[in-house]
């Protein structure tokens, strides 16, 4: 039976989290498995390997659900505001968003280098979401439909999967990495939604074969890099912990889990594109002789 921790506003991580005020600064005190209370704010700049056990945010905990709710509200409000703007303002909003995403991505490299943890094994832009950062920026500045298709078909679902089952849960909420990753992935989801429901961009399933081929062509050299560096880019060598991919690995082994991942991609595409296919069929003009 746990002893009374004092003022308690919520149990967030399976232990307890206590919100305190000291000299007008809000910080969090967490009881780790050893029984010791630690102020997690002092780990704001820390790398995962420097964190004590028990300070992280488990997936599907209260804090995780709160952040998900905030993310979806942020996306909804931004889209509603965006739709009310004139074309020039919309362009500025899009450019601001993708520049912010790129800044967050680069800032992670700078943060890791400053604390002595930058590593090419983990921080090359070879994950799907890292690639999406730069392709979404290119899409905004060039307007090319194929790049927007990539953002809708791969960037958006990949980032959404990441915020639903993040692999940065070892970090406390009040840490640079948790906030940077959560905000960055939320914005990666937001930008394609703005294209579709704000600008009227219409996804085209006929582009999917080219996208899938491009993804395979990208994965081949990444797999070679993984073998050379001992890295795990695109999660080709090992499934990330505490995610559905880990279940696939437990069920189908390694590298067998990659086959249900491909099936999952196809199912996601069916969900994303079927409504547009149906809508196009319903609004297709009658051909001569069929009236």
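Of the candidates 128, 135, the single residue that is under 14 Å from the mean Cα position of the chain (by Cα), over 18 Å from residue 179 (Cα atoms) and in contact (Cβ under 8 Å) with a residue 12 or more places away in the chain is 128. Counting the residues of segment 270-289 that are modelled with pLDDT under 90 and surrounded by 10 or more Cβ atoms within 10 Å (Cβ to Cβ) gives 2.
Within segment 116-208, considering only helices (runs of 4 or more DSSP H) that don't extend past its boundaries, which have at least 1 residues that are buried (at least 19 other Cβ atoms within 10 Å of the Cβ) and modelled with pLDDT of 95 or more? Show your work before the answer.
Values: elements: 120-123, 128-142, 145-150, 156-164, 176-197.
Because the criterion is at least 1 residues that are buried (at least 19 other Cβ atoms within 10 Å of the Cβ) and modelled with pLDDT of 95 or more, the helices (runs of 4 or more DSSP H) in segment 116-208 that meet it are 128-142, 145-150, 156-164, 176-197.
Screening segment 250-268 for residues that are touching a helix residue (DSSP H, G or I) at 6+ places or on another chain (Cβ under 7 Å) and closer than 19 Å to residue 215 by Cβ and picking the one that is modelled with the highest pLDDT gives 268. Of all the criteria given as (1) surrounded by 13 or more Cβ atoms within 10 Å (Cβ to Cβ); (2) touching a helix residue (DSSP H, G or I) at 6+ places or on another chain (Cβ under 8 Å); (3) modelled with pLDDT of 55 or more, the one not satisfied by residue 28 is (3).
The values are calculated or read from the model by the stated rules, or taken from the named source; none is laboratory data. Predicted, not measured: the structure shown is a model, and the values here were computed from it. A quick note on method: Cβ atoms are made from the backbone with ideal geometry, for glycine too, and the neighbour counts reach across all protein chains shown.
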